[in-house]
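What follows is a single structure, written as structure tokens, with notes after it.
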Amino acid sequence: MLKRLIAMSSLLAAIVPVPAALADGAACSCRHLESIQQELRNAEALLKIQQKIRDQLETIEAPLIEAKKTPTHPDSDVNIYDRSIRERTRILAGFTLPHPQVKGYTGPSNVKMPFGTCEQSASDLEALKSGSQCKELADINLAHENAHGAECRAAGASEYWKRLPSKMAAEEVVRYTEQVAALRALLKKVLDEGEMTVEARLEPRIQGPQFDVTYLYQTGPIELKGKSSPGSDQWTLDGKGVQVGRIGKMRLAGMTCTSSGQLNTKVNLTLETDGLTMALKGKTTSAPGDVKVQCRGGHGMSMRPQGELSGGSYFADQEVRTESTMSRDVKSMDFAKVLAQGGLSASGTETVKVKLICPGD
């Protein structure tokens, strides 16, 4: 999508911050995820700034238009275009794109449409197409520019270029609204075509008087299933799997002990995303499975209740990537805080890995 900021100058050229390098017209997939996300964030930022420009310029232009209807009004001779364009320049002075250089783009930084004409540079348009990373991104960029050209031709070049700056911004609002919708649809498409998996590893060390035990809990990989909806920018993926718990090291009352067996836990995962960020929650249910412990002079076995429920958040507000690894200190987890109340300390790390497997990988 061409990030087109119309510069009200003698050329009124479109400023086009780079989008995403077209590999022989290859279709977009989740391999292009980061480029699509950056394009979307840029388009959303440009939509917002153009809405602000449109609204603020309209408040400047409207009273001046009324003033011109009364020759004796003190503002009747004010140059509306000049007053409006200066305000537009002031607003844009504080604006920066979230991603000035979108990953992978090799095309031109702008597509020219000289003032007073409806003709866009054919070489720029071709370079934009060939410089985009995948076909759909190229199509979206070109659609934005082609819509400007079509509107100019429909109105006639003279009428198109004599519009007040607020009307120019209003046109950009329409273009970026379309662009954001197209990019969101593309983002959903590439994510829906991929396969999302989650695996987690929790290795807490619990210490207290005469007690030092290191546990290992391994979850997954668990496949998450779910598709986006055209009617919502937020969607949910769900998955079911098993967490296996074992004892790694154990010292009780100065004795080194050994263990065998494992604890089994059913895990239900829910990942919520808008294609840009994600949050993962889980619910667990204890299942059959016990751990046996052998120490010098004795032994024991876990007596874990069956069907015991628990749940909580693994992470929130994380960037969606083809592979993400999130870690947190065991001390920050709820169970560690409960243990601390009983005089035990917990240390270690929980690591959660989320993978997006693209078609053909």
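The values are calculated or read from the model by the stated rules, or taken from the named source; none is laboratory data. All values reported here derive from a predicted model rather than from experimental measurement. We place every Cβ from the backbone using ideal geometry, glycine too, and count neighbours over all the protein chains shown. Just so you know, the surface numbers come from the protein's heavy atoms only, side chains and all, with ligands and any DNA or RNA stripped out. Shrake-Rupley method; radii C 1.70, N 1.55, O 1.52, S 1.80 Å.
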Pick from region 260-278, criterion farther than 18 Å from Leu202 by Cα and part of a strand (DSSP E or B), ranking: modelled with the lowest pLDDT: Ser260
Subset of region 239-258 [farther than 12 Å from Glu199 by Cα and either open to solvent by 50 Å² or more (accessible area, probe 1.4 Å) or not in a strand (DSSP E or B) (or both)]: Arg246, Gly248, Lys249, Arg251, Ala253, Gly254, Thr256, Thr258
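For Asp233, indicate whether it is in contact with an Asp or Glu (Cβ under 7 Å, 6 or more places away or on another chain) and closer than 30 Å to Leu92 by Cα.
Numbers: in contact with an Asp or Glu (Cβ under 7 Å, 6 or more places away or on another chain): yes; closer than 30 Å to Leu92 by Cα: yes.
It is true that Asp233 is in contact with an Asp or Glu (Cβ under 7 Å, 6 or more places away or on another chain) and closer than 30 Å to Leu92 by Cα.
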Selection from region 126-141 of residues that are hydrophobic (A, V, I, L, M, F, W, C), under 22 Å from Gln50 (Cβ atoms) and modelled with pLDDT of 95 or more: Leu137, Ile140
Members of region 212-238 found to be open to solvent by less than 60 Å² (accessible area, probe 1.4 Å), closer than 16 Å to Glu272 by Cα and in contact with a Gly (Cβ under 8 Å, 6 or more places away or on another chain), listed by number: Ile222, Leu224, Ser228, Trp235, Thr236, Leu237
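Yes/no per residue for (1) open to solvent by 50 Å² or more (accessible area, probe 1.4 Å); (2) more than 24 Å from Leu237 (Cβ to Cβ); (3) touching an Asp or Glu at 6+ places or on another chain (Cβ under 9 Å); (4) not acidic (Asp, Glu):
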| position | (1), (2), (3), (4) |
| --- | --- |
| Thr322 | yes, no, yes, yes |
| Phe335 | yes, yes, no, yes |
| Gln341 | yes, yes, no, yes |
| Ser345 | yes, yes, no, yes |
| Gly348 | no, yes, yes, yes |
| Lys355 | yes, no, yes, yes |
| Gly360 | yes, no, no, yes |
Residue match in region 79-89 (condition: in a loop (DSSP other than H, G, I, E, B) and either of a type in the set (Val, Ile, Thr) or at pLDDT 95 or above (or both)): yes
Residue ID - farthest from the chain's Cα centre (by Cα), chosen from residues in region 189-211 that are open to solvent by less than 30 Å² (accessible area, probe 1.4 Å) and among the hydrophobic types (A, V, I, L, M, F, W, C): Ile206
Residue tally, condition at pLDDT below 95 and assigned to a loop (DSSP other than H, G, I, E, B), over region 209-232: 4
Within region 331-357, tally of residues that are modelled with pLDDT under 95 and either closer than 23 Å to Leu271 by Cβ or within 21 Å of the chain's Cα centre (by Cα) (or both): 4
Qualifying residue in region 284-296 (condition: modelled with pLDDT under 95, of a type in the set (D, E, K, R) and open to solvent by 70 Å² or more (accessible area, probe 1.4 Å)): yes
Within region 101-121, considering residues that are open to solvent by less than 70 Å² (accessible area, probe 1.4 Å) and outside any loop (DSSP other than H, G, I, E, B), the one farthest from Asn42 (Cα to Cα): Val111
Complete set of residues in region 148-196 that are part of a helix (DSSP H, G or I), among the hydrophobic types (A, V, I, L, M, F, W, C) and farther than 30 Å from Arg321 by Cβ: Ala150, Cys152, Ala154, Ala155, Ala157, Trp161, Met168, Ala169, Ala170, Val173, Val174
